[in-house]
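K.L.:
Okay, handing you the structure first.
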Amino acid sequence: MMFYRLRVTPVRRIVTPLIALVGFAAITTAETSAEASPEYPSIIAEAVGASSPPPCTVCHDSPSGGFGTATKLLAKYLESRGLSASDEGSLRTALAAAKGEKSDSDKDGVSDTDELKAGSDPNAAGSSGPPPAEYGCGNVSGARPANVSFAMVAAAAAAFVCRRRRLRS
């Protein structure tokens, strides 16, 4: 019996912290991937003088936005001018640079800021009118995204298993 315990103990010392680390990583990754900047569309509209905010898809691949999805031409240009996630000041600075430089991401002869003001897509040459309306960037409803809930359940399950194993020994 004593021999069995000596063999299990080193494994438990490795597995328990590993489970906790995986749970923590799942929670922190889920939290950051769900974060977005719901204020950005209204800031863009204000900065360029547009009558309505552009959809999140002007910069993001998906209507819900989020980190890692701002891959469109306009987003890449604004990032090259200092835009960083969840920093409204950096967005205002990058938009001022775009206006001053008369940037034209889609090379159609109309500046990005003029296209945003007119309600057209600065990523698509020859676009007329606003892109289809998509409301909100990220989680503006206050509801917890599904991936965060899953991560929390996984972390709770890992903690439960670790505690149960500890109580058995």
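Since every read-out is calculated from the coordinates, none of them should be taken as a lab result. Quick caveat: nothing in here was measured; it's all calculated off a predicted structure. In this analysis, Cβ positions are derived from the backbone assuming ideal geometry, glycine residues included, and neighbour counts consider all displayed protein chains.
K.L.:
Note down the nm distance, to one decimal, between modelled labels 7 Å out along Cα→Cβ at V153 and at S90.
P.N.:
3.4
K.L.:
Next question. So how do S86, S37 line up by other beta-carbon neighbours within 10 Å, fewest first?
P.N.:
Starting with the residue having the fewest Cβ neighbours, the order is S86, S37.
K.L.:
Using a simple spin-label model with points 7 Å from Cα along the Cα→Cβ vector, what separation in nm is obtained for R163 and A118?
P.N.:
Computed distance between label sites R163 and A118 equals 6.2 nm.
K.L.:
Output ³J(HN,Hα) for the stretch 37-48: one whole-Hz value per residue in order, computed from phi by the Karplus curve 6.51 cos²θ - 1.76 cosθ + 1.60 with θ = phi - 60°, and x for Gly and Pro.
P.N.:
10, x, 7, 4, x, 5, 5, 4, 4, 5, 5, 9
K.L.:
Next question. Sort R163, R81 by Cβ crowding within 10 Å, fewest neighbours at the top.
P.N.:
Arranged by neighbour count, lowest to highest, R163, R81 become R163, R81.
K.L.:
Ranking Y77, Y40 by Cβ neighbours within 10 Å, fewest first, what do you get?
P.N.:
Y77, Y40
K.L.:
Applying 1/(1 + (r/R0)^6) with R0 = 30 Å to the Cβ-Cβ distance of A97 and S62, what FRET efficiency is obtained, to the nearest 0.05?
P.N.:
Given R0 = 30 Å and the Cβ-Cβ separation, E is 0.70.
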